[in-house]
Each structure stands twice: as C-alpha cells, then as structure tokens.
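The values are calculated or read from the model by the stated rules, or taken from the named source; none is laboratory data. What you see is a predicted model; the values in this text were computed from it and never measured. Neighbour counts are summed over all protein chains in view; Cβ atoms, including those assigned to glycine, are modelled from backbone coordinates with ideal geometry. Ligands, DNA and RNA are stripped out before the accessible areas are found, and what is left, the full protein with its side chains, is counted by its heavy atoms. Shrake-Rupley method; radii C 1.70, N 1.55, O 1.52, S 1.80 Å.
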There are 2 protein chains.
Amino acid sequence: MTQLSKLLESIITRANVNLREFADVEPHIRNLVPHEHFSNFYAFYALTLHHPLHFKFRESCLSGTYFLGKCDVQRSILYKSDIRGDELKRRGDMFEIDGMKIKVYSDEFIAIRDSYLLKTLVHNYSHDPENLEKFAIRNTVALHWSNIHGSPVVGCLLEPFATVDFTSAQNCVFGAHSYVQVGDLAHTYVKPGRVWVRYEGAFEFDYQFPQEVLDRYVHYEVGTCPTGIMMDYVEDRQEDFIPVYSAVNQSVSIPVPRGASLSPYAVVKGETSIDENVLVCQRAYLAEASLGHGANAQENCYIVHSRLDGYNVTAHGGKIIHAHCEANCFVGFNAFVHGTPESPLQIGKGCIVMPHTIIDASEALSIPPGTLVWGYIQNADDLRRNSVSLSRLRDFSGETEFGTMRFSGSGRAFVDAFSSRIRHILEANGAYYDPATGEGAGHAQKNNDMAFNIVQPYPAGRNKGLYPTLEISPATDDFFGDDD
Amino acid sequence: MTQLSKLLESIITRANVNLREFADVEPHIRNLVPHEHFSNFYAFYALTLHHPLHFKFRESCLSGTYFLGKCDVQRSILYKSDIRGDELKRRGDMFEIDGMKIKVYSDEFIAIRDSYLLKTLVHNYSHDPENLEKFAIRNTVALHWSNIHGSPVVGCLLEPFATVDFTSAQNCVFGAHSYVQVGDLAHTYVKPGRVWVRYEGAFEFDYQFPQEVLDRYVHYEVGTCPTGIMMDYVEDRQEDFIPVYSAVNQSVSIPVPRGASLSPYAVVKGETSIDENVLVCQRAYLAEASLGHGANAQENCYIVHSRLDGYNVTAHGGKIIHAHCEANCFVGFNAFVHGTPESPLQIGKGCIVMPHTIIDASEALSIPPGTLVWGYIQNADDLRRNSVSLSRLRDFSGETEFGTMRFSGSGRAFVDAFSSRIRHILEANGAYYDPATGEGAGHAQKNNDMAFNIVQPYPAGRNKGLYPTLEISPATDDFFGDDD
C-alpha cells in the first residue's frame, strides 16, 4: 500500500467520524481520481511583499494547488485547488462583533487537516469571531469546483459546485450546486440546488432549484465526475490552461494599465482588454472580454464574448458569456450567465445576480438596472418569476414569496448586507485605488510583484504523489543589524 | 541600504579576515554583478528517490542556483551556481584512510556560510577524513566557472576558471585558471595558470601556463568579468539556455536509451545522440554530438561537433569541439579541446587530457592512445612538448621535466591514482550499469525520476533579491504506521 493510499484511507476515516449521521465519504472519493494523476502536477505558492508568508506542508499531496498567504497543510489531499490566504487577519487587528472588540494575537493562518479538496477554492475572509487566529478546514471532503469562502468547515462534505459562504459549518453535507450563507450551521443536510441566505433575526432568502434543472446543468452521481452543461463548459476549456502552467515566469499577453493586475496563471484569448484597477486572478479565463475600470475576474471565472462596464464583481467560478454587464453588476459564485450571439444578455446597472443563478438565454434578455435575480432563467417569463427590483425588496418587511423565492424578514437588511459586501469586495480588490494618493490599494495593486515557487511531489516509489515536508518563512528581518 | 547590500558587505568582511595576508576580495566582487540581476533568476532543487533530502536556505541570495542532495546555505550569495550533493557520505558509512576506519555518524551535508559563489560548480565527493559529516564552504569567494570539487574551502578566493580538487584549503588564493589537487593547503597563493597535482610522499606534477596564453584564453582583471577565448566560447552560447530554464517540466528532445539520463536542464542541439548508460548533467551543452555507451557529459561541459566512443569522461566545464575521442578518454575540468573542420582532433583510446589543458588546433592533430597531455597545444610540436605516454610515465621514478612539465616521485603512483579516479567517476556515473542484474547503478540511472522545485527571491522591496527562509525535508516515513 503506498503512502498516498494510506493517506486517502485516513482522510475517509476522519471525515466519516464527523459525518456519521448522514454520509459515508468513501464511495465519493475512493476511486474518483486515478492515483497516477496525483503525481502529475506541481503545486505552487506566491511570494509577495504584501502578504505575510508562512507555508508549512506535511504528509500531504498538493497536486496542482496554488497557495497565497499563511497556510499549514497536514495529512490532506489537495488536487488543483486554490488556497488563497490574502485576507487573513493580522496580529494586532481588532475584530468587532455585536459591539464586542477582540484583539487578534497572532497572524491568522489557514490550517487544513485530514481533508480532501478537489478543485476547491478556499478564500479566507472569515467572520468567525470564535477562532480569530486559525481558519480551520478539518475532516472535510470538498469536490469539483466547490467554494469554501470565509467559512471554517469541520467534518463537512461539499458536493460539486457547492458553496459555503461566511458560515462556520460543522458536520454538514452540502449537496451539489447548493449555496449556503447562514453564519453558523451544524449537523445539517443541505439539499442539492438549495440557495439559502440567512441572517439570524434579520432576514432569510430561500430558493430551491428544480431537480430537472440540476440534472441538466450539474448532475452528480456519487463517486464520479459531475456531468451536465456547467461541467462541460469548464472541461471544454481545460486545455487552454496547459501552456499557462508549463512556463516559469509566464509573460503577460495584453497591456496591463495602471493599478491593474493580470495573473500570469490566467488564460487570456482573442481581443481582450482590461482597464485601470482591474483584477484578474489566477485561473480566470478571459476570451473576447472587455473589463472596465475596477472590474474583477476572480478565480475559476469565465468571461467570454462579454463586456463589463466597470466596478463589476465576477465572483469565484462565475461565468459570463455573450453578455453586457453595466457598471456595478455583481455576478455571484458559480453563477452561469450564458447568452448567445442570437440571444444576447444585457444586465443593467447595479444588478445582483445571486450566487449559483443559471441564466441560459433562449431569447435576448435585458435585466433592468437595480434588479436581484436568482434561480433558473431562460426567457422573459422566467426572469419575471426569478427576480425582484432591489428598491421593491428594500421596502419589504415580513414573509412572502417573490416568484420562486421565499423571503422573510427585513428586505432593507438584506439589500444593505449585500451592498456592503459588494463594496467590501471592490475595496479589497483595489477597484477604488487612486494612483495619485496611493489610497485604496487592494489585490489588483498588491498582486503585482508576485514571484511563484514550484513544489513537486515524489516522482516515484512508495511516496509517489506525496510531497516532501516543506516550511517556508520570511527572510529574517534585519539579520545584519539596523545600522544603516 | 538593502538587505542584499548588507549581505555583500558582510561576506567581504568575513572573507577578508581569512585572506588578510594576501588579498582583499572587495574590489573583486563589490560591483561585479549588478544588484538588479540577483532578483532575475529562480533557484531550483531536485527531489529524487535516491538522494537524501534536506535543504535549508537562510539569509541568502540563490539566483539561478541548482541544488541536489543535502545543502544548508546561510548568509551567502550564490549566483547561477551548481551545488551537487549527490555523493555525500551517509550515516553508517565507514571511511578508510591510511589504515584507519572512521564511522560516519550522520548523513553528510554541504554547509555554505558567508560565501560568494559566482557560476561555481560545487561537487561534494570529498576525501577529508577530519570533517566527515559536514562539507564546509566558508568565508570564501569563488568567481566565474570555478570548481570546488570534493574540497572543503575556508577563507579562500578562487579566481575565474580556477579549480580546487580533492584539497582541503584554508586561507588560500587560487589564481585564474589554476588547478590544484594537493590534499591539504593553507596560507598559499597559487599563481594563475598553475596546474599542480601532488600526493605527499608519492608524486608531484607541476605545470605553469605562460602569461601570454592566459591573456588570450582566460584573462582576468580584478572586478570585471573574465575575457578571452574560453570565456567568449561560453558567453556566446548562454542564450541557448534561456528556453531550457523557461519551462517547467521541460521535455527531453532526443531518445534516451536504457540506463541513460539526460537532464532537462541540458542544451541539446542538432544531430545529437546518446547511447546506453550515458549521463548528461544539467547545464551540459551538446550540439552535433554523439556519446557512446557509458560516456558522461558533466555540468558546464560543451561537446560540439564531436564523437565520444564510450566510457569517456567529460569533467565539469570540459569543452570538446570538432574532436573524435576514442573509448576511455578522460577530458578534465575546464579543459578546452578545440579542433575545427579543417584541423580536427583525434584523441586515442585511454588518453588523459589533464584538467585545464588548452588544445586549440591550428593543424589536424592525432594524440596517440594512452597519452597524458597538458598545457597549451596548437600543433604537433606543442603536442610533443606537452605530453608523455602513460606507459613511459608509469616506468619513471625520480625527478625530471617531461617537456614543459616538472614531475617528481613515482610515475606509477601518479598513473594508478588517475586511473583509479577515472574508474571511480565512471562507476559513480553508472557507466558500467547492467540492466539485467541492476548492478552498477550510478548517477545516469539515479538521475531519472527527478522532480524540480523552483524557489524565487523577493521581487521588490528592501529584501529584493534575497530568498525567504526555506527548509525542505523528506516526507515522514510511515506516518500512518506500518500495518500494511
């Protein structure tokens, strides 16, 4: 038995202890990735001026995974994942919640233990006041294109395209293409295709994708790769990433204006342009795309034959095809916004496309400015049932159904929470950066001057596919004294 | 003052304390490499099944340097060097010298401290019984294309193309293109172009290159890059290495037969072929070259328009151009064996071309089998004055001049020592590997299944050009227990 096989067994055992009331992760992952594949890809981590540095990797397989920030990985299998620790709290930060102020005693780090993450995006902007110094992912299995976003997860199973967002989750199963943003969650089974946002005492948003839509777009059979239109869209473009990952110090192919940054690990094709303060993250895919001032293209997103007017957010895994997004549009995690040349999409100013929304246009569609959309939309009728104007929602309080979506609580609180979150995202990404004063710098500015370091697994033998033990920490400051 | 500037000052101070009787290293290195260059290159290290792994890098600049084996680098600047730790002694090895047996208590490692190595090759096969567990390079400055070969050096200055071979050296200066293999050396100034081999109580070989030859081939002015024909030859081919270092997991361009290995970091051009059990190391350069069974091409060597019949050694920095080397020829460190289409070279079976020999043919030359050659050779007359047949030398005992070379002691001891060393080199490189039994495996076989890891310096800021602190060690063995 190879060390890698033992590692897989060990992860199964650990995750199953937590998940014993609902799930057995073993059939999900035992034969999912041929072991051969685990030794075919290098892992890499970024060295920058702007992010505290500490990487520690032990007893793990890291194939194809990208790391940024402070990360400590032990007894885990990460396969082509993205572990992005660029919004970790720092020593000395003050954290405020419900009027309480708590001091952060040491730099926060991402600690991944006994877990299996497959093409998972981990972003660390977490809001868990109970664990300020450690962002933990433990005894957890997360499958294709799932997102763990600001969410410490312990003993969880995330099926393909599931997103756990701003939620501290313990012993939960998140079904395929489910989206959850509920603060805290324990011992809960979340059905595939549920989109659920709740702020205790303030509001609740609940939508359930019909089974037939899931079957067409994100179909998951235990132990296999997901199938369906969304997966096909991603798989059909995987080859374009090969040259990107084959070069050391890849050069950038299009002009990068002031305040913008374009990851050398993004795919850029055709007539594509980016404007000032644009952020293009690694594994973003741009083809015939135009990104206006301060727009961002986050990890695993696809922007194809589309124009974004500016200050647009395209969240992790968001896909925008044959669409024109006016300024300040938000397209959430794993949303699939798919127009065609015959049925183009127009998305008005300030619209919010909820995470996981599937718009697959069978006719030209125009979404009016200031609209919240969700669910599954093919035509104007669907759009009516799966949208509400933000101004109408803001004035609502109580319990109702807006078309296919159940809402309760304060519409104002919901709209304000989303708006402030979108503002945070744009700020953090550097959309408002002013080069004259240097104020407002965010990821778009800080992601320049990155150096990439490559780690390889053992190429053969009983450790094949495992990585050696590695620890990397900052150059000692002032080791020659301070006498200059 | 940047950290890198402080580091440079610190190295100058440390080396100068040791070298205070002869030399001030400061004018040699202060302005030699523009600081900008130190942040332009990545360092890399190999992960294999066959070499104990431990890398520790601290407070150093490692630009472009290659590491293999166990290496610990602190407060040093290594620039495009090769640190090859693949013949380090292992824990439990017994070391014999003068009838005494000494046990090696822990795996030997290369420890580089307070040193500046510029395009230097460090090979660790050391014979120093007084420091079995630590191969030390300390307070030392070594310049372009120098070799530190099995030689612990403390407080030394190696000028360009100098070689210190099987010598424990303390507080010495080695002039440009000097070659020293003398066992122990302290407080000695070795003139440029001296080729000096001595085994206390057995023999001594001594040759001095004329100044005008040095001026033409390896001219060194303090504080500048060396100039001359040998340096031009190398510099003119530097661009060919750019694509080699630009790809991750470079693929190999010619067939690699059984038992052979071709480093992905070698340059291979034109009609080039390698036979079974051939070893081609990283930074070797092959163009229109044919390497017969068990031949090797070591680091920084150039084999161009040439044929090697088999079991040939081309040592570090050896250059063979328009030559036909019959079987079992040895071409030593930094030798320059340069024929032309009009004046080709023929080197007979079992010849030994001494390290640093310069053959620059102005007419076709044929060196008879079993000949030892040295010095500077352009034509048949020169060849007579700079060679002796190995059989004649073997029969000699006493003190004499063979042409331009002074020899004293036992010819037999000298020839036997060289022959046994060449045999060791061929054995260590796997030339005699038998695929049927698996016996005789050496570097040629063990260098397959290598994975390369890339480390980058800080790209900007006050640490620009410095590398973060890095420690890499083996995957914990059997961390899941032994129950399979």
Legend entry - Count of residues meeting criterion [of a type outside the set (Gly, Ala, Ser), assigned to a loop (DSSP other than H, G, I, E, B) and without any contact (Cβ under 8 Å) to a residue 60 or more places away in the chain] in segment A:57-71: 1
Inset, instruction - With the condition kept exactly as written, say whether any residue in segment A:109-117 is under 18 Å from A:Gly183 (Cα atoms), open to solvent by less than 10 Å² (accessible area, probe 1.4 Å) and among the small types (Gly, Ala, Ser). - result: no
Legend entry - Counted residues, segment B:322-337 - those being outside any loop (DSSP other than H, G, I, E, B) and surrounded by 23 or more Cβ atoms within 10 Å (Cβ to Cβ): 6
Legend entry - The one condition in (1) more than 12 Å from chain A (Cβ to nearest Cβ); (2) of a type outside the set (Gly, Ala, Ser); (3) in contact with a helix residue (DSSP H, G or I) (Cβ under 7 Å, 6 or more places away or on another chain) that B:Arg20 fails to fulfil: (3)
Legend entry - So B:Ala417, is it surrounded by 20 or more Cβ atoms within 10 Å (Cβ to Cβ), among the small types (Gly, Ala, Ser) and in a helix (DSSP H, G or I): no
Legend entry - Tally, over segment B:196-246, of residues that are under 14 Å from B:Glu159 (Cα atoms), outside any helix (DSSP H, G or I) and among the hydrophobic types (A, V, I, L, M, F, W, C): 3
Inset, instruction - Please work out which residue is farthest from B:Glu200 (Cα to Cα), limiting yourself to segment B:417-462 and to residues that are within 9 Å of chain A (Cβ to nearest Cβ) and of a type in the set (A, V, I, L, M, F, W, C). - result: B:Ala460
Inset, instruction - Could you list all residues from segment A:401-416 that are touching a strand residue (DSSP E or B) at 6+ places or on another chain (Cβ under 7 Å) and under 18 Å from A:Glu200 (Cβ atoms)? - result: A:Arg406, A:Phe407, A:Ser408, A:Gly409, A:Ser410, A:Gly411, A:Ala413, A:Phe414
Legend entry - Among residues of segment B:109-130, those that are aromatic (Phe, Trp, Tyr) and farther than 14 Å from B:Gly155 by Cβ, counted: 2
Legend entry - Check on A:Asp107, in a loop (DSSP other than H, G, I, E, B) and within 26 Å of A:Arg194 (Cβ to Cβ): no
Legend entry - Members of segment A:368-424 found to be of a type in the set (D, E, K, R), more than 27 Å from the chain's Cα centre (by Cα) and farther than 26 Å from A:Pro344 by Cα, listed by number: A:Arg392, A:Arg394, A:Asp395, A:Glu399, A:Glu401
Legend entry - Qualifying position, being touching a Phe, Trp or Tyr at 6+ places or on another chain (Cβ under 8 Å), within 14 Å of chain B (Cβ to nearest Cβ) and either open to solvent by 20 Å² or more (accessible area, probe 1.4 Å) or not in a strand (DSSP E or B) (or both), among A:Leu8, A:Leu88: A:Leu8
Inset, instruction - State all residues of segment A:72-127 that are touching a residue at least 60 places away in the same chain (Cβ under 8 Å) and farther than 17 Å from A:Ser151 by Cα; if no residue qualifies, say none. - result: A:Arg75, A:Ser76, A:Ile77
Inset, instruction - Would you mind finding the one in A:Gly398, A:Gly409, A:Gly430 that is in the same structural domain as A:Gln282 (by TED's automatic domain parsing), part of a loop (DSSP other than H, G, I, E, B) and either within 19 Å of A:Glu326 (Cβ to Cβ) or of a type in the set (Gly, Ala, Ser) (or both)? - result: A:Gly430
Inset, instruction - State yes or no: is B:Leu49 open to solvent by less than 20 Å² (accessible area, probe 1.4 Å), hydrophobic (A, V, I, L, M, F, W, C) and either touching a Leu at 6+ places or on another chain (Cβ under 7 Å) or within 11 Å of chain A (Cβ to nearest Cβ) (or both)? - result: no
